[in-house]
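Asks: For reference, the structure I am asking about is given below.
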Amino acid sequence: MTAPVVLKCGGAAGVDIAAVCAQVAALWRAGTPVVLVHGGSAAVARLAARMSVPVREFVSPSGVKARHTDDATLEVLTLALLGEVKTALLLELHRQGVRAVGLSGADGALLRARRKQVRALVDGRTVVLRDDHSGMLTGVDDRMLTALLRQGLLPVVSPPAVTEDGALVNVNADRVAARVAVALGAAELVLLTAASGVLDADGAPLPRCALAAEGPLPAYAEGGMKVKLIAAREALLGGVPTVTVRDGRTDGAGGTGGTRVTLA
């Protein structure tokens, strides 16, 4: 089987689902095995508002912003990702003629994780969030994905993941995509987002972004882009030869723009 391409479709407002699916379909019809990983931050926020569940965020000691996933938020996240977002992607892919199959991390324990001890900065102090249901990925069942790809199917994968004791935990979709790409020996990882690639300190898109193999990320990486660069580095260190951050609003999966991420 040809080495697959793994794409991660961001869930921020502005990402064009139809355009992304059209580019994914073009790759699939050309004979390229594709795995699509998705998030759904905008859908989670909308559903949380309708259910009157406050969406809270925190900043980790390393400066990364993340969602505080308490019991109610985990319920909202699961409903939004597996109900609204995944269904919308599958329907659009089917309209494009793609044989797509939707999977969460809990299906066949596709995404395995351990619960994290989540630390946050609160008033300058580091505290432990004891009600947070977040996890750290420990494994991907590449056998399941490979079997689907060999059948000519296109897996559409999303959090949550499942722990050894059968609990659901929230895991970051960018890092899921990186882990899936490494597990499958992917030819490329493409991270689609609501920006024109990685932006420098002046807000201009960078054609290339070189990361150190360890240590801090560039100072211009802020917010969600910081997590994307963490995922990009994990993929590169895991042997994925090409990682690109592209604009999911315009050039989509098959575009030539965006930022090529490399190791320094």
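The values are calculated or read from the model by the stated rules, or taken from the named source; none is laboratory data. Source: prediction; values computed, not measured. Cβ atoms come from the backbone with ideal geometry, glycine included; neighbour counts cover every protein chain shown. We work out accessible area using only protein heavy atoms, side chains counted, and drop any ligands, DNA or RNA first. Shrake-Rupley method; radii C 1.70, N 1.55, O 1.52, S 1.80 Å.
Asks: Take residue 121 and decide whether it is of a type in the set (A, V, I, L, M, F, W, C), farther than 22 Å from residue 31 by Cβ and buried (at least 21 other Cβ atoms within 10 Å of the Cβ).
Replies: No: the conditions fail for residue 121.
Asks: So which strands (runs of 3 or more DSSP E) are wholly in the stretch 80-137 and hold at least 3 residues that are touching a Leu at 6+ places or on another chain (Cβ under 8 Å)?
Replies: 100-104, 111-115
Asks: Specify the residue that is nearest to residue 170 (Cα to Cα); the eligible residues are those in the stretch 47-71 that are open to solvent by 60 Å² or more (accessible area, probe 1.4 Å) and assigned to a helix (DSSP H, G or I).
Replies: The qualifying residue nearest to residue 170 (Cα to Cα) is 71.
Asks: Would a scan of the stretch 149-157 turn up a residue that is within 20 Å of residue 80 (Cα to Cα), open to solvent by 60 Å² or more (accessible area, probe 1.4 Å), not charged (D, E, K, R) and not in a loop (DSSP other than H, G, I, E, B)?
Replies: For the stretch 149-157, residues within 20 Å of residue 80 (Cα to Cα), open to solvent by 60 Å² or more (accessible area, probe 1.4 Å), not charged (D, E, K, R) and not in a loop (DSSP other than H, G, I, E, B): absent.
Asks: Then there is this: I'd like to know if the stretch 24-45 contains one or more residues that are under 18 Å from the mean Cα position of the chain (by Cα) and among the charged types (D, E, K, R).
Replies: Within the stretch 24-45, not a single residue is under 18 Å from the mean Cα position of the chain (by Cα) and among the charged types (D, E, K, R).
Asks: Do you know which residues across the stretch 193-213 are surrounded by fewer than 18 Cβ atoms within 10 Å (Cβ to Cβ) and part of a loop (DSSP other than H, G, I, E, B)? Before the answer, list the steps.
Replies: In the first step, residues of the stretch 193-213 are kept if they are surrounded by fewer than 18 Cβ atoms within 10 Å (Cβ to Cβ); the result is 194, 200-205, 207-208, 210, 212-213.
Passing the criteria: 194, 200, 201, 202, 203, 204, 207, 212, 213.
Asks: Further question on the same structure: Pairs please, first residue from the stretch 197-215 and on the phi > 0 side of the Ramachandran plot, second anywhere and assigned to a loop (DSSP other than H, G, I, E, B) and not hydrophobic (A, V, I, L, M, F, W, C), Cβ atoms under 7 Å, 6+ apart in sequence or on different chains.
Replies: 197/257; 197/258
Asks: Name the one entry in 166, 97, 135 that is in contact (Cβ under 8 Å) with a residue 12 or more places away in the chain and more than 17 Å from the chain's Cα centre (by Cα).
Replies: Of 166, 97, 135, the one residue that is in contact (Cβ under 8 Å) with a residue 12 or more places away in the chain and more than 17 Å from the chain's Cα centre (by Cα) is 97.
Asks: Out of 186, 177, 181, I need the residue that is buried (at least 24 other Cβ atoms within 10 Å of the Cβ) and assigned to a loop (DSSP other than H, G, I, E, B). Which one?
Replies: That would be 186, the only listed residue that is buried (at least 24 other Cβ atoms within 10 Å of the Cβ) and assigned to a loop (DSSP other than H, G, I, E, B).
Asks: Restricting the search to the stretch 153-163, which residues are among the hydroxyl-bearing types (Ser, Thr, Tyr) and under 12 Å from the mean Cα position of the chain (by Cα)?
Replies: 158 - this is the single residue of the stretch 153-163 that is among the hydroxyl-bearing types (Ser, Thr, Tyr) and under 12 Å from the mean Cα position of the chain (by Cα).
Asks: Within the stretch 25-52, can you find the residues that are in contact with a strand residue (DSSP E or B) (Cβ under 6 Å, 6 or more places away or on another chain) and closer than 20 Å to residue 84 by Cβ?
Replies: 36, 37, 38, listed by residue number.
Asks: Would you confirm, using the coordinates I've provided, whether residue 44 is surrounded by 13 or more Cβ atoms within 10 Å (Cβ to Cβ), among the hydrophobic types (A, V, I, L, M, F, W, C) and at pLDDT 95 or above? Give the steps one after another, and end with the answer.
Replies: Numbers: surrounded by 13 or more Cβ atoms within 10 Å (Cβ to Cβ): yes; among the hydrophobic types (A, V, I, L, M, F, W, C): yes; at pLDDT 95 or above: no.
For residue 44, the condition - surrounded by 13 or more Cβ atoms within 10 Å (Cβ to Cβ), among the hydrophobic types (A, V, I, L, M, F, W, C) and at pLDDT 95 or above - is not met.
Asks: Let me ask another. Could you tell me whether the stretch 32-39 includes any residue that is modelled with pLDDT of 95 or more and either of a type in the set (Lys, Arg) or open to solvent by 10 Å² or more (accessible area, probe 1.4 Å) (or both)?
Replies: yes
Asks: For residues in the stretch 16-26 being crowded, with 22+ Cβ neighbours inside 10 Å and aliphatic (A, V, I, L, M), which is nearest to residue 46 (Cα to Cα)?
Replies: For the stretch 16-26, the residue satisfying everything is 20.
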